[in-house]
1. Taking the chain as the reference, fit the longest principal axis to its C-alpha atoms, fit the long axis of helix 8-19 to the helix C-alpha atoms, and give the angle between the two in degrees, 0 to 90, nearest 10.
2. Hey, quick one: spin label on V127, modelled 7 Å out along Cα-Cβ, who in the stretch 404-432 has an amide N within reach, i.e. under 16 Å?
3. Could you list C380, C56 in order of exposure, starting from the residue whose Cβ has the fewest other Cβ atoms within 10 Å?
4. Let me make sure I get this right: for the stretch 375-437, a, b and c are the square roots of the gyration tensor eigenvalues over alpha carbons, sorted descending. Under 1.5 in a/c it's rounded, otherwise prolate if a/b > b/c, else oblate. Which is it?
5. Apply the a/c threshold of 1.5 to the C-alpha gyration tensor of the stretch 1-102 and tell me whether it is rounded, prolate or oblate.
6. Using only Cα atoms, find the angle between the long axis of helix 358-379 and the longest principal axis of the chain, and express it within 0 to 90 degrees, rounded to the nearest 10.
7. My understanding is that a pair violates if its Cα-Cα distance is over 30 Å; which of K306/K352; K70/K337; K227/K323; K448/K513; K303/K536 do that in this structure?
8. Set the Förster distance to 41 Å, then compute FRET efficiency between I555 and D364 from the Cβ-Cβ distance, nearest 0.05.
Amino acid sequence: MAVYPTHKLAQQIILSCIENGISQVVVSPGSRNAPLIIGFNQEPSIELLSVVDERCAAFFALGIAQQTKKPIALICSSGSALLNYFPAVAEAFYSDIPLVIITADRPRHLIDIGDGQTIQQENVFGVHVLSSVNLEGIPLTSNDLLLEKRSAQQIQLGIQTAINEKGPVHINVPFNEPLYDTIDTLTIDTSLLNVVGKSNPISLLEETPLDVEELAVFSAIWNTSKKKIVLVGANPPDELLQIQLAHLTKDPSVIVLVENTANVSHKMFINSIDKLIFPLDDESLEKFKPEILLTLGGMIVSKKIKQQLRAFQPKHHWHVDVKRGYDSYHCLEHHFKISAQLFFSQFFFLTKVKQSDFRDFWLDKKALRLEKHNQFVANCEFSDFKVMATLIPSIPERSMLQLSNSSIIRYAQLFDVSPTVAVFCNRGTSGIDGSTSTAIGASVASGKQTVLITGDISFLYDSNGLWNKYIPKSFRIIVVNNNGGGIFRFIPGPQTSNSLEYFETPHGLTAKKLSAMYGFEYSAVENIESLDNTLKNFYLVEDGPKLLEIFTPTILNDAVLKSYFKNLKV
């Protein structure tokens, strides 16, 4: 026999989630959210996942939605609990990941009168959600159908916004006591749940194509330009986009710049941007300046390419994205509000090859850089750089690589990743918080072996992420421990400030005891020979998850990286 919470708002939310295809709910324990916990737990179509720490829970949910591209609901209690969601909410907002954040609250008459676990929860996430739904309480004995209809419509619109516009929404739900009571039959009018209609995310086939005459104006500029750059930011793997971008390599006036998080590859793509342009002088950078810059995908990691394109601006910058058109290079001319796949499927019918030496000139530069790169790697001292040069090629085929932010994601851009490996990083806000939790969620959702490469600060910051009973046996964490935020030795300023220890935060901590506490098989290495030997069996799926900690020299790392870029100039 079905069991339902007595609260009508809880019944409406649960049935609306099911109606809109939400099948996974991540909950953090509490009391005020009891009606939702009880109700979702009784639904056979819902997988209820419990993660105690709300910040970790939110990033865990984000990792699941990152992979499934489907909305997932988050439920927490009242008070400061929901504030811990905020970092993941912001990441989801800027990474276009659908989250339905459902926060339990006290009724309005109990707010700011000295009751415990109460804050001003309405609209608390501000501009970082696509929609804020603040429901009115429905008394248990209420027969007010207009109030029921209004709340049902608000809930439905909120969930649909998350699905159709791909991002986070906030639904704040006030519950009065009693919180734990249940009944055997629904007390809401279920016909009210269909007042808006079902969610229907727009597919590629349902998008509205661009006006051909308007597009022809841009293709005419394209067809007469001899220097064109297509720059691809963060993007999930997509077979059609891969084929379309490969088609661009046939045009000698086009170079395609990609990052590992773009998840596209080709021998004629330039996939290590900093490696190519870091050694260039101003005269060479002027040659690199495109007439047309066409950008697509999400955030770009390379700070160098941003500086370059802001200093040597293209005549035309066009961006392709359904939602956003960032003016990242301060010269955006046009935003095509359409998917890249549909854009190219239309655009290619209007374009033609333009003879130029632009592509081949820079591909020759790429080849020269790769020779120097390989020579340096072969003779490099043990350091963060050498470790990443060893780790990236070791990632198993057809697995998933999750990268933490700061130094790790930047090092990773200097090395080739197998085309069969999907690469992800929380680049929406580029924060170090939540990398571990996100990777675990992604691993659970994808079913693939997942490898997280993380720095020591990022790992320690999200150590509660290991407090998770759903971690797959195949999950692997590699912690590159340089005893602090090593990136601050590369940035001009911190070393001359007499305050370096407060930027780097040296700590002397290891992951060994955390690994034991959370059931990870632990290994530690301090040299390249030991690393090579450990990696031989590290990825084998055995009895449980594993963690490898690599201790690198704090002082040497910045010197090695600076030497690497200097070597590319020679």
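Derivation of every value follows stated rules applied to the coordinates shown; laboratory data play no part. Since this is a predicted model, take the numbers as computed values, not measurements. Here the Cβ positions follow ideal geometry from the backbone for every residue, glycine too, while neighbour counts run over all protein chains shown.
1. Taking the Cα atoms of the chain, the angle to 8-19 is about 40 degrees.
2. 429
3. On the way: C380 18, C56 28.
By the 10 Å Cβ count, ascending: C380, C56.
4. On the way: a/c = 2.43, a/b = 1.37, b/c = 1.78.
The shape class here is oblate.
5. Details: a/c = 2.04, a/b = 1.36, b/c = 1.50.
Cα axes put the stretch 1-102 in the oblate bin.
6. Helix 358-379 sits at roughly 90 degrees to that axis.
7. Details: K306/K352 28 Å; K70/K337 22 Å; K227/K323 27 Å; K448/K513 27 Å; K303/K536 35 Å.
Going by Cα-Cα distance, K303/K536 fall outside the 30 Å limit.
8. Working: r = 37 Å, r/R0 = 0.90.
Given R0 = 41 Å and the Cβ-Cβ separation, E is 0.65.
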